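What follows is a single structure, written as structure tokens, with notes after it.
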Amino acid sequence: MVSYLEPALAVSGPPIMPGLGDLAVDEVEDSPLLTPVTPNLSWAGVHASTQAMLRPDARPTAFRSVTTMRRTAAIHRGTRMIKLLSGRQLLAYLHGRLPRGFCYRAADLEGLRIPDDLAMLTGDITRFHPEQVVFGLRWRAVDPADYDIPFSVEVEDLPAYPGLTTISPHDRVGPPVLGTGFAPSEQHLVPEYVTADLADLPMPAGSSLVAFAPDGTEVSLFLYVPEQRAWTRMFGPHWRHLLASVPEIPLDQEYLQVPPGQPEGSTLLGRFQGQTYPALADPPHEFRVLARVRAARYAVDALARRTPYATWRGAACTVVGLDGDWRRLRLCRPNVDSTPSLGVECIERGVYEVWVSVHDIDDLHDVDLTYKL
């Protein structure tokens with residue numbers, strides 16, 4: 001008989017699977033990660049099974065136990081998410097970068113606070129030392145459909161990312177992708193996610209940029225104000241030293257405006273009285289027209305995420321930037337064959353991009369993902 005145990009305590013009842021149930025409160029209760037334990041399978045054995053590359057020819061019992069366990073860690077509308085950043089990445093988000101690539105539920109990282117524990121999850125080129133600062137982007141999930149589990153094999157109706165596990169260390173940044181849905185770790189079980197197709201996600205209201213000090217203290221640095229497309233400063237003078245490694249940030253400004261003309265890879269669109277408008281999401285319950293004037297912030301009747309897609313040399317991509325007749329493309333499914341042959345650049349763990357002339361793109365179109373409100 002198999003029993004399901006949460007890493008810290010026993011949990012009664014069946015596993016909570018993704019996509020079940022709606023949320024009725026502002027503070028979303030995260031479903032726990034449930035682990036199968038049998039007389040012949042210890043906690044050490046469970047951990048070891050998540051740290052081995054998941055191959056299509058894996059033993060059925062091992063495959064089933066890992067994937068079943070991983071699917072219990074679900075994302076719901078309003079789930080608090082986090083992406084760990086280096087100083088270089090922090091600056092890029094202040095300049096308009098959107099959530100993308102590998103990320104985590106904030107609740108799964110509650111036991112990891114000091115930079116030494118968090119640094120490996122940044123997926124950046126920069127190497128960290130224990131005394132340095134790790135930054136993070138926090139936001140609330142708009143919908144579970146925006147996220148995939150990076151399995152290396154197809155699991156029921158979930159898309160797979162087999163190519164991420166086969167990429168050479170010379171062509172990747174950050175730790176390897178195991179394909180089990182868990183981050184590489186010697187002692188922790190950290191469920192990881194990727195944004196669907198590794199695409200950009202619109203920045204929700206209330207998103208924040210934070211810093212983790214050497215003693216584990218979390219400091220809120222900037223809060224995103226979507227109506228002004230700006231980040232407002234939240235920290236006082238006694239925390240300025242946390243940004244010493246990012247000298248390009250003006251520490252005396254109250255607002256840091258996202259530079260005009262920054263293209264957005266994905267946008268939110270809402271319907272109000274039969275018309276389509278740019279929209280704003282403040283999960284889990286508030287979705288409205290994006291407007292600076294409070295009287296015009298109408299609740300939308302329908303909401304969708306619009307993402308531009310392209311096909312280039314047979315590879316499916318999302319469009320994340322533009323400059324005249326050139327488009328910045330990001331691979332939806334990078335693999336060992338496409339990354340060197342297409343000449344793409346690894347920007348961060350799992351994210352591969354390249355500039356391409358619009359005349360060389362075979363297909364360019366928008367895809368709307370409609371959310372159920």
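Values quoted throughout were computed directly from the atomic coordinates according to the rules given, and no laboratory measurement underlies them. This is a predicted model, so every value here is computed, not measured. Here Cβ is always computed from backbone atoms with ideal geometry, including for glycine, and neighbour counts include all displayed protein chains.
Brief remarks follow.
- Note on Q187 and A44: their simple-model spin labels are 1.4 nm apart, each label 7 Å out from Cα toward Cβ.
- For the range 263-319, the set of trypsin sites (Lys or Arg not before Pro) satisfying both a DSSP loop assignment and a count of at most 15 other C-beta atoms within 10 Å is given as R292, R297, R313.
- W326 long-range amide H proximity, modeled H, under 5 Å: V358
- P(r) tail, the chain: Cα-Cα pairs separated by more than 26 Å, 53% of all pairs.
- Spin-label model, I114/D323: points 7 Å from Cα along the beta carbon direction are separated by 4.2 nm.
- Difference of contour (0.36 nm per residue) and Cα-Cα distance, V225 to R88: 47.2 nm
- Extension gain, T311 back to W355 (0.36 nm per residue minus Cα-Cα distance, nm): 14.5 nm
- Rounded to whole Hz, the Karplus (6.51, -1.76, 1.60) HN-Hα couplings of the range 355-360, x for glycine and proline: 8, 9, 5, 4, 6, 9
- In order along the range 279-296, the Karplus-derived 3J(HN,Hα) couplings, from 6.51 cos²θ - 1.76 cosθ + 1.60 at θ = phi - 60°, round to 10, 10, 10, 10, x, x, 10, 9, 9, 8, 5, 7, 8, 6, 7, 4, 5, 9 Hz, and Gly and Pro are given as x.
- Taken over the range 138-250, the alpha-carbon convex hull comes to 164 cubic angstrom per residue.
- P(r) tail fraction, the range 316-373 - alpha-carbon pairs more than 19 Å apart, %: 34
- Distance between the range 309-373 and the range 141-163 - C-alpha centres, whole angstrom: 18
- Taking Cα atoms only, the orientation of helix 60-71 departs from the longest principal axis of the chain by about 40 degrees.
- Multiplying the residue separation of A291 and T217 by 0.36 nm and removing their Cα-Cα distance gives an extension gain of 23.1 nm.
- Theoretical ellipticity at 222 nm over the chain - DSSP helices of four or more residues, -39500 (n - 2.57) apiece, nearest 500: -2500 deg cm²/dmol
- Largest-first ellipsoid semi-axes for the range 100-175, taking √(5λ) over the Cα gyration tensor eigenvalues, angstrom: 25, 19, 10
- Loop GluC sites (Glu not before Pro), the range 218-280, which have at most 13 other Cβ atoms in a 10 Å radius of their Cβ (DSSP): E248, E254
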